[in-house]
Structure formats: C-alpha cells, structure tokens
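Below is one structure, written out as structure tokens, with a few remarks after it.
The values are calculated or read from the model by the stated rules, or taken from the named source; none is laboratory data. Computed from a predicted structure; not experimentally measured. All Cβ positions, glycine included, derive from the backbone under ideal geometry; neighbour counts span all protein chains shown.
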Amino acid sequence: MKTYFESRFTINRDRNLCINCTSCTRQCTFGVHYYDEKGELKSRDENCVGCQRCVAYCPTGAITIKGNLPEAASNWTREVIRDITAQAENGAVILTGSGTDKPYPIYWDRFLLNASQVTNPSLDPLREPMELDTYLGKKPDRIELSPEGRLITKLAPQVKLKTPIIFSAMSFGAVSLPVQESLARAATQLGTLWNCGEGGLHPGLYQYHENTTVQVASGRFGVSPGYLKKAQVIEIKIGQGAKPGIGGHLPGEKVNAEIAATRMIPEGTDALSPAPHHDIYSIEDLAQLVSALKEATNYEKPISVKIAAVHNSAAIASGIARSGADIITIDGFRGGTGASPKTIRDNVGIPLEFALASVDGRLRQDGLRNKVSIVASGGIRGSADVAKAIALGADAVAIGTAALVALGCQLCQQCHTGRCPWGICTTDPALSRRIDPQKGASRLVNLINAWSIELKEMLGGMGINAVESLRGNRDELRGIELNEKELSILGIRMAGE
C-alpha cells in the first residue's frame, strides 16, 4: 500500500526571475529540484526539509520556501500523524538530529539579571578592566604564600580560558572534518577549548592539542596513550542531553577509511557505543578510570566527566566530585545531537537550568564545590544565557548548536541522514568541502568575541569587574512567570523582592 505523505514545505519558484542556472539542483542534497522530461525545472515538495540552501544560493532570488502543514485538531498534531504513518509503513525507530523543538518552557527567558544604580555604581567596560579569565580544575581549600609572595600550595592541573565559553563535543563522523578544524582553529585563536567528541582525534588536528578536549566514551573509539597526550583536558562521557541513558551509533555506510582510521575500527562497520561503560557501574568504578587516566598522563591534565541532566544529577555530581574528577559537564535536554531516537530526544532528561542549580547547591552543601569546576551545556543561545548559567553556578558554558548555526546550519534536523546541504553533518567529501575551515574559524571567533563583549557589558551593568564574582551569585538573578516550587529549586527570588 502506497502511503501519501503531506509535504511539510512548499517551494515557490518565480518563473519571471528563474534563469535555469541549475544552482538549486546542484546545491540540494535531497533531490527536491529536477528537470522533467520536457526540460522544465520543477520541485518535489515532499522531499524538502526546509534547509534554505537553494534560497541562499539562488542568484536571482527566484525561490521561496514556506511551511505547508496547518495543525490538526486536538492533540493529534500533523507531526504525530506523520510519525505514526511513517512507523506504520516501515516499523522503524524515528531518528532525528539537532535539539528538541517541543514548546517546553525555556527557563533562561524567565530569569532577569540585576543592574547597579546609585549605591553600587555600574562599571564601564570600555574604561575599566573587566576580567573574563576562567580556570577549570580542582581548587585547593586554601592558598599558602611565601613571605616573598610566591605560591607554596601545589595546585591541581588547571586550564586557563580567556572567556568562559568553550565548544561542545562533536565527533568526526557526526560532523565533517572541516567543521572540527573550524572549531579547533577558533578555540586556538580565542584561548578556549574545543572537544573532538567520542570519534577519536584526526592526525590533521594534532597541532591544536593545547586547546583540545578528547573524550573517553563507552566505545573507547580512538583511545590510546598518544590520543590522551594530545589533549589539554580528558573527558569521560557518561551521557549527553539529547539522549540520556542510551549509547551512540554511527552507521557503517558513514565509516569511510579516514573515519575508520581515526576511530580505530574496520572500514564500513557500525561504530556502536554501548549505553553504559562496561567498566563503570559505581562511583568506585568511575574513580578507578579517573585514576587510570591521570596515571597515563602523569597527573598533568584535568579529568572531566560529562553527564546528562537527569532528576538525580545532584547526587551523581557529588559522587563524581569524590571520584577525583576535576570538572563536571552537565548537558541539558535541549542539547543537540547528530542522531537520536526522536522520542528520547523530546521526552527524556530535564532542563539544564534545574540540574545546574541543584548540582551547584548540592556540592556547596557537601563542601565539595571547590573540588570540581562545572561546565553547563545544552541549549545555550547567547551571551545572556551564558551570564545566567554562570550566576546559577557554572564556571563556564559549552556551546554546540550555536557554533554550527554560526557555520551555516539552518536546523533542518536532518543531521542523521549524512546529507547535510551545508556540509556540516556529513561524511561526503563533496559536501564537506562546502565548509572552509579558515572562514568557519573566523565566523566562530567573531561570535565568541561578540558574546564576550556583551558579557562584559552585563557584568559592568551589575557593578562586577570579574566573571568569577558572578559565579553562583544568585542574588543577581530574579525570576518572572515562575511558581514557588520552581523558584525554590533554582534558588532565586521573584522579581521585585
């Protein structure tokens, strides 16, 4: 039985403007634009994913794309009907990319930042020094100085960031190599970190090792002593916000020779990451891996542990702090992904805001807050989100989707297909070349520099001259449209109080 799928988008082509240049047919990776038997340029609306690539590259502006699906009645939305129809036809799990598009509350938009007025005057960042330097790593309980002012206390390994913004983990295979190179170049220029994800580290990126975070995930892809030594930070990936509690899967058709060599697996085989680490079933097991990684790198590198934001994140974080780890990364359910079961992405996990607040509070309560740094990730969209996350307790934030948008991503949520028209989430060499690492790095540097300037402006407006003074300072936050329970969990007061 042939099933009819309604088109999600309609392609409008102005025949008076179209010059039949074939740009749209060359740019589209989903076969939307084609020539019929009469040689007339037409469109298959049912194939369109709304990536806007053809619109951007049409030299005469002849193409426009609009959404085409009015909502059905009741809770049976067009999306639900489409998903049921697809699964009835193919019996498969629905995969998707990017972060959730469900209309859950975005709590960052329900926080407001304080501003100084008269009694505590504001600061002008153009004329007064504003400190954004951030140090990730375990801090001592106290600092001891010699009479000459030299540091006597031995510090655990620290990573200095010139801005409290780093790039999230995105593996080679999930994103193209030019994307990773763009991130690595930008991190080096900015004095911050990028993360190679769980897919190993391509030899062409070894030169950026001073700004690289490498992952040790359940599949152990690419992990070797040399890999660990080409890192500034080592991150043990337990979970991620877009798919808490499940592993990863890179289909064999995407595993070309270059990816196979980087991941240290046979070419053409599925790269499967088990849901759990099969050597971690307790905090004691985690402590063993943390110790082993420190031993393998001469105790010179901070060890991070990445977890998804779940209802008991606070208790888990307390255990991680006791395991000897130096950094905890909390990834909220709005985090992006190259591929995830849609129902997991949209229904499992909790908002970053609540997990971050509860983790910071629990670590302070247990007297462990100085033992670990906290990195918050999952849906950070701008400098205001950065400031609010730091005020809730983060030392730094990690961005993934925002970085990809800076590189051209239009959030068409087709990352899992490997046919990204913008050359971002693909292993196709022809498509990957659509990203120029030099230009990509320039765009990322511009983005982070702009956010850093805005962050200084906000700090100055609060009368604060260092980002360190904002960390965990919830007095600088006020809530709007939040109930008493939400305010209590977040540890902030209502606007006007």
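Being in a helix (DSSP H, G or I), touching a strand residue (DSSP E or B) at 6+ places or on another chain (Cβ under 7 Å) and assigned by TED's automatic domain parsing to the domain that holds Glu468: is that true of Leu201 here?
In short, no.
I need the helices (runs of 4 or more DSSP H) fully contained in segment 308-382, keeping only those with at least 2 residues that are buried (at least 24 other Cβ atoms within 10 Å of the Cβ).
313-322, 352-365
If we scan segment 418-438, do we find a residue that is among the basic types (Lys, Arg) and more than 27 Å from Val93 (Cβ to Cβ)?
Yes, some residue in segment 418-438 is among the basic types (Lys, Arg) and more than 27 Å from Val93 (Cβ to Cβ).
If you take the residues of segment 424-433 that are outside any helix (DSSP H, G or I) and surrounded by fewer than 19 Cβ atoms within 10 Å (Cβ to Cβ), which of them is modelled with the lowest pLDDT?
Going through the qualifying residues, I end up with Asp428.
Determine the pairs where a residue that is closer than 11 Å to Ala355 by Cα, located within segment 312-333, has a partner that is in a loop (DSSP other than H, G, I, E, B) and of a type in the set (S, T, N, Q) with Cβ atoms under 7 Å apart, the partner being 6 or more residues away or on another chain.
Taking only residues 6 or more apart or on different chains, the pairs are Asp331/Gln240; Phe333/Thr100.
Identify the residue in segment 334-375 that is of a type in the set (S, T, N, Q) and without any contact (Cβ under 8 Å) to a residue 24 or more places away in the chain and, among all such residues, is nearest to Glu79 (Cα to Cα).
Here the answer is Asn347.
Going through segment 298-338 one residue at a time, which ones are more than 29 Å from Thr96 (Cα to Cα) and polar (S, T, N, Q)?
Across segment 298-338, the qualifying residues are Asn298, Ser318, Ser323.
If I ask for residues that are in contact with a helix residue (DSSP H, G or I) (Cβ under 9 Å, 6 or more places away or on another chain) and either crowded, with 20+ Cβ neighbours inside 10 Å or not in a loop (DSSP other than H, G, I, E, B) (or both), which ones from segment 260-278 would you list?
Answer for segment 260-278, where residues must be in contact with a helix residue (DSSP H, G or I) (Cβ under 9 Å, 6 or more places away or on another chain) and either crowded, with 20+ Cβ neighbours inside 10 Å or not in a loop (DSSP other than H, G, I, E, B) (or both): Ala261, Thr262, Ile265, Ala271, His277.
What number goes with the only condition from (1) more than 30 Å from Leu123 (Cβ to Cβ); (2) among the β-branched types (Val, Ile, Thr); (3) assigned to a loop (DSSP other than H, G, I, E, B) that Val405 does not pass?
Result: Val405 passes all but (3).
Of all residues in segment 89-103, how many are out of contact with any strand residue (DSSP E or B) (no Cβ under 8 Å at 6 or more places or on another chain) and surrounded by 13 or more Cβ atoms within 10 Å (Cβ to Cβ)?
Matching residues across segment 89-103 total 4.
Scan segment 40-53 for residues that are within 14 Å of Thr29 (Cα to Cα) and either of a type in the set (Lys, Arg) or free of Cβ contacts under 8 Å to residues at least 40 places away in the same chain (or both) and report the count.
5
When you check Lys294 against the structure, is it basic (Lys, Arg), over 20 Å from Gly336 (Cα atoms) and crowded, with 20+ Cβ neighbours inside 10 Å, yes or no?
yes
Listed here are the residues, each with its yes/no results for (1) surrounded by fewer than 22 Cβ atoms within 10 Å (Cβ to Cβ); (2) in contact with a strand residue (DSSP E or B) (Cβ under 8 Å, 6 or more places away or on another chain); (3) part of a loop (DSSP other than H, G, I, E, B).
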position: Ala389; (1), (2), (3): no, yes, no
position: Ala398; (1), (2), (3): no, yes, no
position: Arg419; (1), (2), (3): yes, no, yes
position: Lys439; (1), (2), (3): yes, no, no
position: Val445; (1), (2), (3): yes, no, no
position: Ser452; (1), (2), (3): yes, yes, no
position: Leu459; (1), (2), (3): no, yes, no
position: Gly463; (1), (2), (3): yes, no, yes
position: Ser488; (1), (2), (3): yes, no, no
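Gly149 fails exactly one of the following numbered conditions: (1) outside any strand (DSSP E or B); (2) at pLDDT 90 or above. What is the number of that condition?
Failed condition: (2).
Looking only at segment 281-307, count how many residues are in contact with a strand residue (DSSP E or B) (Cβ under 6 Å, 6 or more places away or on another chain) and part of a loop (DSSP other than H, G, I, E, B).
2
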